[in-house]
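Notes follow the structure.
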Amino acid sequence: MAPTATGETAPSAESVAGEHGVQLRLLKAVEHAVREDQGADDVAALLDKLVEYTNVHFHSEELIMRLYAYPHYDAHRTEHAELMERALVMRDSLETQDQAGLIELAAELSEWLRRHMDGKDHGFETFLRRQAAEALRRTPRETGQ
Ligand SMILES: [Fe+2]
């Protein structure tokens, strides 16, 4: 977290990006479990973790956006809802899809998440960096007294 002009801490773009790394690792674990045919229970447990973590991460990201009156909040939130829907569809289709179908769903989910990170999330991280830079500029300079 970066200090603000009032001495409070603000979420940094780096901490948001770090949470994305956790999402991608969980997604890779899902893909690996499907490819290695580890069984529906293992894949379901990993997908549940991914859905739970992603849900918390998205809510936290959306809260920060609202706190900073992020101008692209609605469009960003819509993409979050889409990803959650896709993850839940995959979770619900574990019993009905064959391995090839699940590999395809995991790959689509992964591709979608990367696109979101490179697009909407990158824009939000840039916004947070500008907010932090402005907060530092507003911080009163020490006078040495
Ligand atoms: Fe996001």
message = Suppose the filter is outside any loop (DSSP other than H, G, I, E, B), touching a residue at least 40 places away in the same chain (Cβ under 8 Å) and more than 16 Å from residue 17 (Cβ to Cβ); does residue 30 pass it?
response = yes
ask   = Which residue pairs have Cβ atoms under 8 Å apart, sit 6 or more places apart or on different chains, and have a first residue in region 93-121 that is farther than 27 Å from residue 16 by Cα and a second that is away from the ligand (no atom under 16 Å from the Cβ) and hydroxyl-bearing (Ser, Thr, Tyr)?
value = 101/93; 102/93
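Values quoted throughout were computed directly from the atomic coordinates according to the rules given, and no laboratory measurement underlies them. Because the structure is a prediction, the values reported are computed rather than measured. In this analysis, Cβ positions are derived from the backbone assuming ideal geometry, glycine residues included, and neighbour counts consider all displayed protein chains.
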